[in-house]
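S.K.: Just passing along the structure, written as structure tokens.
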């Protein structure tokens, strides 16, 4: 039996919130009712922040991380190690690795992993741009593959290693302190930090 709402405006707001990942209609209703109890100015600030995010956030032209500027703060930081590039699946992985404080190089965000079952091939993620970046920047000495230890992550690692093989750069993979099948962003900081520090050469 579908829930009856006393207001179409309330029902519409609940429907929009329930589109968020992990948010069911009951949770959506609690969130909407919470917003209704706030001052109008607080709700206006909340909606303005979301609208501003969606319309004005950028992707770094170098690494494809989320940024407020064309070049993100990591890529533009002169104190970062320009000789290493850590390849990750998504923005959450950048945040997770940064939180370990064990890595001071640059990143390359693929925006996904190769997954034929989901219709995602090499051309659907930022592998071409990675190859171009490595080819154009001789100062890059090492590419660290820091993808989740899933079948899709391993497939992507293998494809990237083959794609970059002719550049004669060191290609390494994070240590398997991370359990097989685990997503990088959910790994604790100590384990993730050790996996970065104890990375090993990638053997395709």
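Nothing in this text is a laboratory measurement; each read-out follows from the coordinates by a stated rule. All of these numbers come straight from a predicted model, not from anything done at the bench.
S.K.: Tally the DSSP beta bridges in segment 66-201 and give the antiparallel ones as a percent, rounded to 5.
M.R.: About 20 percent, rounded to the nearest 5.
S.K.: Counting only C-alpha contacts under 8 Å and six or more residues apart, can you give the relative contact order of segment 35-130 as a whole percent?
M.R.: 20 percent
S.K.: Please work out how much length the chain gains when fully extended from residue 137 to residue 46, using 0.36 nm per residue of separation minus the C-alpha to C-alpha distance, in nm with one decimal.
M.R.: Contour length minus Cα-Cα distance gives 28.6 nm.
S.K.: Still on this model: Taking the chain as the reference, fit the longest principal axis to its C-alpha atoms, fit the long axis of helix 8-17 to the helix C-alpha atoms, and give the angle between the two in degrees, 0 to 90, nearest 10.
M.R.: 20 degrees
S.K.: Okay, next question. Hey, what number do you get for the chain at 222 nm if only DSSP H runs of n ≥ 4 count, each worth -39500 (n - 2.57), divided across all residues, to the nearest 500?
M.R.: Numbers: 7 runs with 82 residues, N = 204.
One gets -12500 deg cm²/dmol as the mean residue ellipticity at 222 nm.
S.K.: If you average over every viewing direction, what projected area does the convex hull of the Cα atoms of the chain give, in nm²?
M.R.: 15.0 nm²
S.K.: I'd like the distance separating the alpha-carbon centroids of segment 1-73 and segment 125-165, in whole Å.
M.R.: 34 Å
S.K.: Still on this structure, I have one more. Just to confirm the number: angle between the C-alpha axis of helix 151-164 and the first principal axis of the chain, 0 to 90 degrees, nearest 10?
M.R.: The two axes meet at around 40 degrees.
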